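Remarks on the structure that follows.
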Amino acid sequence: MQKNSLLLIQILFLTSFFLVVTACGFKERELDDDEDTATTTEISIIRADGSTEELKFAPPLELDNIGKSPLALTVKDINEDQLADIVLLNNATKQEDEAIRILLRTSVETSDNPEDLFETDMIITTNLDRPQYLLVEDVNNDGIQDFLTVSTETDTLNFWEGQLENNHFSIAVTPTDINVGDFPVFMVAAPFSPDGTIGVATVNRGDDDVSIILDFNSTEELNLDEDQGVGENPIQITSGDWNNDGCPDLAVLSRNEDRVDFFENTPCSSDETESSQNRVFQKIRDHKVGEFPQAIITGDWDNDGNMDVAVTNQTDEDISLLYGQGDGNFERKDINVGNGPGQLASGDFNQDGVQDFVIGDIRDLDLTILLSNGDGSRPGENGQKAYSRGDIAAGTIPSGSRPGYIRIIDINYDDKLDIVLTLPFEDKLAILLQK
């Protein structure tokens with residue numbers, strides 16, 4: 001496919017991801033009969049015993065001095081001071097505005113002013129054309145976090161080696177570029193090799209394939225394409241142990257075919273002398289999801305010890321939960337969510353031991369939270385509701401804000417999970433603190 005055609009696809013992808021519509025960010029919505037109504041800052045659930053529980057968030061805090069079009073983000077301690085820092089990737093229309101920004105957390109104190117929470121420690125101009133995604137992982141096993149980006153113009157995975165001296169973090173000025181497939185848009189990191197070395201897999205939309213870097217010290221690479229079972233127009237990828245053999249496997253989300261392709265990591269061996277050259281990712285099955293899927297994550301939603309997958313479906317306005325059986329098989333359950341679900345994240349907001357969901361609604365211009373009923377049941381199981389649903393504002397604009405990527409973390413160290421997300425069309429970062 002020609003580069004100009006791929007650029008058009010990219011523009012259409014970003015347009016569909018952050019669809020511009022008029023919506024109200026603070027409202028009650030008409031829900032289905034099996035859903036609960038929630039306010040803009042509180043989400044109420046009624047448990048089987050009749051008791052009521054509320055989840056409350058403070059109004060969004062916004063950080064606006066973070067560059068143009070913040071897209072991907074990671075929340076992680078990068079300088080080993082035991083404080084969670086924020087790393088942002090700017091996907092701007094001008095190359096000189098494209099950058100990686102490091103926001104260092106300055107103390108454990110909380111504040112209503114986000115400027116008091118973080119300071120901009122470093123801005124690295126990437127000189128990449130439309131970088132698409134960002135990961136922060138120690139991929140060369142030196143104990144220091146590294147940065148990884150993908151570039152759709154050069155079809156490369158960009159490895160920025162991290163450096164740490166006296167708790168001062170920095171990265172290499174120029175990245176090491178590793179060739180991958182055509183038009184890489186997303187990636188996932190996991191210890192694919194027996195020795196625990198972190199590898200990275202990228203999805204490449206132009207080639208309909210996946211590139212897997214097993215070892216960044218030798219840049220060994222595997223490739224999965226249509227002949228191995230990758231669907232048309234792969235957009236995201238995730239990792240999990242689908243068959244409980246102790247080795248991380250892969251799942252690739254195909255937008256055009258509305259399906260997830262599952263691949264097994266073989267041979268699965270604890271022998272660290274097992275050569276990564278013998279490693280093969282073999283397709284074990286695929287599973288249909290809803291129409292026009294947007295994002296995929298991994299977790300254990302029903303607490304049965306088996307890895308599950310969640311996918312947002314924009315056209316169907318729902319999420320598909322694929323409950324793993326531990327043998328490579330899955331059971332699908334769908335839950336209605338907001339208007340235009342995009343990116344999603346998972347965490348236990350109310351500390352009941354069961355994972356909840358937060359989903360960015362790119363037509364409603366807000367966030368949908370699915371709060372579990374606390375017993376890990378699946379939707380429709382035993383006639384019980386598995387989740388209660390409510391909406392909260394993603395930003396401070398009364399008409400609503402289009403959410404980007406979402407992360408869940410206790411950002412203010414009060415033992416309650418909070419929400420951090422990018423607002424790419426407003427050039428802002430939003431923080432929602434749980435009360």
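The values are calculated or read from the model by the stated rules, or taken from the named source; none is laboratory data. All of these numbers come straight from a predicted model, not from anything done at the bench. Reconstructed Cβ throughout: ideal geometry from the backbone, glycine too, with neighbour counts over all protein chains shown. Areas reflect the complete protein model, heavy atoms only, side chains present, ligands, DNA and RNA absent. Shrake-Rupley method; radii C 1.70, N 1.55, O 1.52, S 1.80 Å.
So which residues in segment 230-258 are of a type in the set (Gly, Ala, Ser) and modelled with pLDDT of 95 or more?
Answer for segment 230-258, where residues must be of a type in the set (Gly, Ala, Ser) and modelled with pLDDT of 95 or more: 231, 239, 240, 251, 254.
Mind checking which strands (runs of 3 or more DSSP E) fall wholly inside segment 319-435 and carry at least 2 residues that are under 30 Å from residue 118 (Cα atoms) and in contact (Cβ under 8 Å) with a residue 12 or more places away in the chain?
In segment 319-435, 341-347, 356-361, 366-372, 387-393, 406-409, 418-423, 428-432 are the strands (runs of 3 or more DSSP E) which contain 2 or more residues that are under 30 Å from residue 118 (Cα atoms) and in contact (Cβ under 8 Å) with a residue 12 or more places away in the chain.
Does residue 305 fit the bill of being within 25 Å of residue 376 (Cβ to Cβ), modelled with pLDDT of 95 or more, open to solvent by 40 Å² or more (accessible area, probe 1.4 Å) and not in a strand (DSSP E or B)?
Taking the combined requirement at face value, the residue satisfies it.
Starting from residues that are among the polar types (S, T, N, Q) and at positive phi, keep the ones in segment 143-177 and report whichever is modelled with the highest pLDDT.
Restricting to residues being among the polar types (S, T, N, Q) and at positive phi, the top hit is 166.
Please specify each residue of segment 281-296 satisfying the condition of being part of a strand (DSSP E or B) and open to solvent by 30 Å² or more (accessible area, probe 1.4 Å).
282, 283, 284, 285, 286, 287, 288
Farther than 25 Å from residue 401 by Cα and out of contact with any helix residue (DSSP H, G or I) (no Cβ under 7 Å at 6 or more places or on another chain): which single residue out of 360, 380, 338 fits that description?
380
When segment 160-187 is examined, which residues are found to be open to solvent by 20 Å² or more (accessible area, probe 1.4 Å) and assigned to a strand (DSSP E or B)?
Hits for segment 160-187 are 163, 164, 165, 168, 170, 176, 177, 179.
Being at pLDDT below 95 and part of a loop (DSSP other than H, G, I, E, B): is that true of residue 140 here?
Answer is yes for this residue.
Does segment 89-99 include one or more residues that are at pLDDT 90 or above, part of a loop (DSSP other than H, G, I, E, B) and either of a type in the set (A, V, I, L, M, F, W, C) or under 17 Å from the mean Cα position of the chain (by Cα) (or both)?
No, that holds for no residue.
Looking at segment 246-258, which of its residues are within 16 Å of residue 225 (Cβ to Cβ) and open to solvent by 40 Å² or more (accessible area, probe 1.4 Å)?
256, 257
Filter segment 210-231 down to the residues that are in contact with a strand residue (DSSP E or B) (Cβ under 6 Å, 6 or more places away or on another chain) and of a type in the set (D, E, K, R) and list them by number.
Passing the criteria: 220, 221, 225.
Being more than 22 Å from residue 131 (Cα to Cα), of a type outside the set (Gly, Ala, Ser), touching a residue at least 40 places away in the same chain (Cβ under 8 Å) and open to solvent by 10 Å² or more (accessible area, probe 1.4 Å) is the requirement here; does residue 191 meet it?
Yes: the conditions hold for residue 191.
Residues of segment 48-85 being charged (D, E, K, R) and surrounded by fewer than 21 Cβ atoms within 10 Å (Cβ to Cβ), which ones?
Listed by number, the residues that qualify are 49, 53, 54, 56, 62, 64, 68, 76, 77, 80, 81.
Quick one: is residue 170 closer than 22 Å to residue 307 by Cβ, touching a residue at least 40 places away in the same chain (Cβ under 8 Å) and among the polar types (S, T, N, Q)?
no
Pairs please, first residue from segment 230-244 and open to solvent by 30 Å² or more (accessible area, probe 1.4 Å), second anywhere and of a type in the set (Ser, Thr, Tyr) and not in a strand (DSSP E or B), Cβ atoms under 6 Å, 6+ apart in sequence or on different chains.
Short answer, once both residue conditions are applied: none.
Name the one entry in 202, 266, 219 that is crowded, with 24+ Cβ neighbours inside 10 Å, out of contact with any Asp or Glu (no Cβ under 7 Å at 6 or more places or on another chain) and of a type outside the set (A, V, I, L, M, F, W, C).
None of the others qualify; the one that does is 202.
What are the residues in segment 367-423 that are among the charged types (D, E, K, R), surrounded by 16 or more Cβ atoms within 10 Å (Cβ to Cβ) and in contact with a Ser or Thr (Cβ under 9 Å, 6 or more places away or on another chain), if any?
385, 389, 391, 407, listed by residue number.
Among (1) open to solvent by less than 20 Å² (accessible area, probe 1.4 Å); (2) under 30 Å from residue 413 (Cβ atoms); (3) small (Gly, Ala, Ser), where does residue 324 come up short?
For residue 324, the failing item is (2).
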